[in-house]
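Undergrad: Just dropping this structure here.
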Amino acid sequence: MKKFYITTPIYYVNDKPHIGHAYSTIIADVLARYHRAKGDEVAFSTGTDENSQKTIDAAVKNGAGEKIMQYADQMAEIWKHTWEKLDISYTRFIRTTEEDHKKVVYEIWKRVNDAGDIYKGQYEGLYCVGHEAFMKESDLVDGLCPDHKKAPERIKEENYFFKLSKYQKQLLAHYESHPDFVMPHSRFHEVTSFVASGLEDISISRPSKGWGIPVPGDETQSIYVWFDALINYISAIGLSAWEDHPADLHAVGKDITRFHAVIWPAMLFSAGVPLPAQVGANGFFTIDGVKISKSLGNAIDPLALAAKAGNDALRYFLLREIPYGEDGDFSFAKFDARYEGDLANGLGNFASRVTTLAEKYGPFEQGLLLDGAIAEKIEATRTEVEALINQFKFHEVLQSVWNLIQVGDVMVNVTKPWETGDKNVLFTLVVMLDNIAAFLLPFMPVTSTAITAAIRHEGGAIVVKKLAPLFPRIAGTSSSPS
Ligand SMILES: [Zn+2]
């Protein structure tokens, strides 16, 4: 059995999930389901990043005061619940406050320290809490962090440093020998030129505020939240499992590519631990052309949308509308148009026509003829889907499947099986629909399963049951978004 290990970013617990988080997580879920369907043994981790300054701030802001852990527990449950509601098939939900995780962090810290890569030094400069990152003057726009629109804190403190600069050559050599290490390639170019321009050592601890993981042997310092957080990918499955089979893919958002493609591999080089095979960076969302922001209050709750339109419609929209790696725009009008056009009138209508007719004229015994041109088209789609999914071209996979649906629609219209009751034609349409369901399994698991359940193999014959509408009319998601 082949192993496949995929991860999502772990999310900060200072807020609830919005549609951007759902997007990264759904992408990982599609690949997890795809590999599971191929028979691979899949590990799929997601979780929460809790050892952050943000957690303390949010706990205070939400009236939890000193009860930070209680606040973190509550928020972790919200994230977990959201992924369960959205049919995310994770196998491990990891929290960075777990003891198991701390043990692995200590082990990695020890190995990096034993390699001579940790030293004490003075950090003087900028720190953006929004990013939980040290920043340079050159990163700022008008003195503000361009993403958080806030002036970063100016700090001067004694920290532990990691000799990142030592790994420049090794990183560049790795990039050279692994041309798909970062996807899409446009992001990879950014990473390689950043590393090629020279690396500075980075601070990996901060003065302790009584929260977070203490530096081994120095309780006055806490391990920098990113150094700690990245290690979650190992602790989610255990160090020996990682050494046996490291992650095949870290699915991340484009803003954290550098952490995953530069700092993380350097940490692993230092610790003598194998690297993940790939880092995939998805783009960002705007809502009606405007960036999602807490202050604007334009974040869309994925659960509210899914409750109205269904999980599969949400998944379909996100994957079909936004080419992987590119930025995309969400609007209720676009969502409604895809729901109506592609889902209700497209897949839903085709499935309903075929199963209604097939129930009436079935069952379909052995020996019926599958139309040769259609059989070829199905095989061509299978080949295309396989190739595209491995290049993360999810929107093109869906396009390809919808082309097949269109071919099916034309066939129904031309052959008019409701007049002829032609069993060869109907058998061909049922086989098409069955294959469409199989292609869609990773993308739209609820719909796919419903279709497959309606097409039963009984004693050598195929018996089809009429499907209830897969995408019933909804009042329009925009009418009351919450
Ligand atoms: Zn920032």
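Undergrad: Can you list the residues, at least 5 places off or on another chain, whose amide H is less than 5 Å from the amide H of S222, using H built in the peptide plane?
TA: R206, S208, V215
Undergrad: Could you give log10 I(q)/I(0) at q = 0.18 Å⁻¹ for the stretch 301-362, computed by the Debye formula over C-alpha point scatterers of equal weight, without solvent?
TA: -0.70
Undergrad: Mind grabbing the base-10 log of I(q)/I(0) for the stretch 1-136 at q = 0.09 Å⁻¹? Debye formula, identical points on the C-alpha positions, no solvent, two decimal places.
TA: Each listed q maps to, in turn, -0.36.
Undergrad: Long-range amide H contacts for E158: which residues qualify at under 5 Å (H placed 1.01 Å from N, peptide plane, sequence gap of 5 or more or a different chain)?
TA: Y123
Undergrad: At 1.4 Å probe size, with every protein chain present, just tell me what the per residue accessible area of the chain comes to in Å².
TA: Details: 20650 Å² over 482 residues.
Per residue, the chain has 43 Å² of solvent-accessible surface.
Undergrad: So how compact is the stretch 75-187: Cα radius of gyration and Dmax in angstrom?
TA: 18.9, 47
Undergrad: How many percent of all Cα-Cα pairs in the stretch 154-224 sit more than 17 Å apart? Can you show the working numbers first?
TA: On the way: 1412 of 2485 pairs.
The answer is 57 percent, as a whole percent.
Undergrad: Can you give the log10 of the normalised intensity I(q)/I(0) at q = 0.15, 0.24, 0.26, 0.30 Å⁻¹, computed with Debye over equal Cα scatterers of the stretch 416-471?
TA: -0.47, -1.02, -1.11, -1.23
Undergrad: Based on the mean of other beta carbon atoms within 10 Å per residue, what is the order of 197-204, 312-319, most packed first?
TA: Highest to lowest by the protection proxy: 312-319, 197-204.
Undergrad: Rounding to the nearest 20 debye, state how big the charge dipole of the chain is about its Cα centre with +1 on each Lys and Arg Cβ and -1 on each Asp and Glu Cβ. Intermediate results must be reported in sequence, preceding the final value.
TA: Numbers: 49 positive and 62 negative charges, 122 e Å.
The calculation lands at about 580 debye.
Undergrad: Another question, then. Residue by residue through the stretch 303-310, which ³J(HN,Hα) values in whole Hz follow from phi under the Karplus form 6.51 cos²θ - 1.76 cosθ + 1.60 (θ = phi - 60°), with glycine and proline marked x?
TA: 5, 5, 5, 5, 5, 7, 9, x
Undergrad: How much mean residue ellipticity at 222 nm does the chain get from its helices, if each DSSP H run of length 4 or more adds -39500 (n - 2.57) and you divide by all residues, to the nearest 500 deg cm²/dmol?
TA: Mean residue ellipticity, 222 nm, calculated: -14000 deg cm²/dmol.
Undergrad: What is the Cα coordinate range of the stretch 221-298 on the first, second and third principal axes, sorted by size from largest, in whole angstrom?
TA: Answer, in whole Å and largest first: 45, 33, 21 Å.
Undergrad: Could you state the principal axis extents of the C-alpha atoms in the stretch 369-438, from the largest down, to the nearest angstrom?
TA: Principal-axis extents of the Cα atoms in the stretch 369-438, largest first: 43, 19, 17 Å.
Undergrad: From the C-alpha gyration tensor of the stretch 254-398, pull out the three semi-axes of the equivalent ellipsoid (sqrt of 5λ each), sorted largest to smallest, in whole Å.
TA: Computed over the stretch 254-398, the values are 38, 26, 12 Å.
Undergrad: Taking amide H atoms as placed 1.01 Å from N in the peptide plane, list the residues 5 or more away in sequence, or in a different chain, whose amide H sits under 5 Å from that of Y11.
TA: G47, T48, D49
Undergrad: Same structure again: How much of the accessible area of the chain, in percent, comes from carbon and sulfur atoms when a 1.4 Å probe is used? Kindly include the intermediate steps, with their values, before the conclusion.
TA: Values: 10800 of 20650 Å².
Exposed carbon and sulfur together represent 52 percent of the surface.
Undergrad: Expressed in nm², what is the orientationally averaged projection area of the convex hull enclosing the Cα positions of the stretch 138-296?
TA: 11.6
Undergrad: Please turn the phi angles of the stretch 3-17 into ³J(HN,Hα) values with the Karplus equation 6.51 cos²θ - 1.76 cosθ + 1.60 (θ = phi - 60°), one per residue in order, whole Hz, x for glycine and proline.
TA: In residue order, the calculated couplings are 9, 9, 10, 10, 10, 9, x, 8, 9, 5, 9, 7, 7, 7, x Hz.
Undergrad: Using the Cβ atoms and a cut-off under 11 Å, what net charge is assigned to the surroundings of F471, where Lys and Arg are +1 and Asp and Glu are -1?
TA: In short, -1.
Undergrad: Which of the peptides 419-428, 220-229, 101-110 is most tightly packed, and how do the rest follow, going by the mean number of other Cβ atoms within 10 Å of each residue?
TA: Output ranking for 419-428, 220-229, 101-110: 220-229, 101-110, 419-428.
Undergrad: While we're here: Mind computing the radius of gyration and Dmax over the alpha-carbon atoms of the stretch 143-182? Å is fine for both.
TA: Here Rg and the maximum Cα pair distance are 16.7, 40 Å.
Undergrad: If you don't mind, another one. Calculate the dipole size of the stretch 22-153 relative to its Cα centre from +1 charges on Lys and Arg beta carbons and -1 charges on Asp and Glu beta carbons; express the result in debye to the nearest 20.
TA: 260
Undergrad: For the stretch 353-473, what is Rg from Cα atoms divided by 2.2 N^0.38 Å, rounded to two decimals?
TA: For the stretch 353-473, the normalised Cα radius of gyration comes out at 1.05.
Undergrad: With θ taken as phi - 60° and the coefficients 6.51, -1.76 and 1.60, list the Karplus ³J(HN,Hα) couplings across the stretch 466-475 in order, rounded to whole Hz; mark glycine and proline as x.
TA: Using θ = phi - 60°, the values come out as 4, 8, 5, x, 6, 10, x, 4, 10, 5 Hz.
Undergrad: In debye, nearest 20: dipole of the stretch 132-244 around its Cα centre with unit charges on the Cβ of K, R (+) and D, E (-)?
TA: Dipole size: approximately 200 debye.
Undergrad: At a temperature of 4 °C and a viscosity of 1.567 mPa s, determine how fast the chain diffuses translationally according to Stokes-Einstein, using the Kirkwood radius over alpha-carbon pairs as Rh; express D in µm²/s, rounded to the nearest whole number.
TA: Once the numbers are plugged in, D ends up at 53 µm²/s.
Undergrad: Dipole of the chain (Lys/Arg Cβ +1, Asp/Glu Cβ -1, origin at the Cα centre): which of N232, N14, I374 lies farthest to the positive side?
TA: Projecting each Cα onto the dipole axis, the largest value belongs to I374.
Undergrad: Shifting gears a bit: With only alpha-carbon atoms counted, please give the Rg and Dmax of the stretch 58-114, in Å.
TA: Expressed in Å, the Cα Rg and Dmax of the stretch 58-114 come to 15.1, 44.
Undergrad: Among L318, A468, I263, which residue has its Cα positioned farthest towards the positive end of the charge dipole of the chain, with +1 placed on the Cβ of Lys and Arg, -1 on the Cβ of Asp and Glu, and the dipole taken about the Cα centre?
TA: The Cα lying farthest towards the positive end belongs to A468.
The values are calculated or read from the model by the stated rules, or taken from the named source; none is laboratory data. Just so we're clear, the structure is a prediction, and the values are computed from it rather than from any experiment. FYI the Cβ positions are ideal-geometry reconstructions off the backbone, even for glycines, and counts take in every protein chain you see. To get the accessible areas, we keep the full protein, side chains included, count just its heavy atoms, and leave off ligands, DNA and RNA. Shrake-Rupley method; radii C 1.70, N 1.55, O 1.52, S 1.80 Å.
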